[in-house]
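The structure under discussion appears below in the form of structure tokens.
The values are calculated or read from the model by the stated rules, or taken from the named source; none is laboratory data. Predicted model, so just to flag it, every value in this text is computed and none were measured. As a convention, Cβ positions derive from the backbone with ideal geometry for all residues, glycine included, and neighbour counts pool all protein chains shown.
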Amino acid sequence: LKKKNTPKSNVRLFGNAPQATPLINYETVLKYTKSTKTTTGLKVNAVTVEKKYQKGIKATKDELNNLNIKYHEKNSSWNYTLYPN
């Protein structure tokens, strides 16, 4: 479940999963993701989306430039919020 160029700290996303627990299906992943909470109180929310998406579609430069995005002060490359336009 780790994507290329994802910070190593993301392994904490499944902090409540017992060691060597196989993440064999979406229900298992959601169970451990939703039960994750950091020492500072940050909670993770996750849902399964059943919609089928086409592969290979990329956002245009114009679409990326028009994102309603707020970068947070701390670790802004990792911490940001996307808002509806």
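Among the residues of region 36-85, the ones that are modelled with pLDDT of 80 or more, loosely packed, with under 10 Cβ neighbours inside 10 Å and of a type in the set (G, A, S) come to 2 in all.
Residues in region 24-33: is at least one polar (S, T, N, Q), part of a loop (DSSP other than H, G, I, E, B) and at pLDDT 80 or above? Within region 24-33, one or more residues are polar (S, T, N, Q), part of a loop (DSSP other than H, G, I, E, B) and at pLDDT 80 or above.
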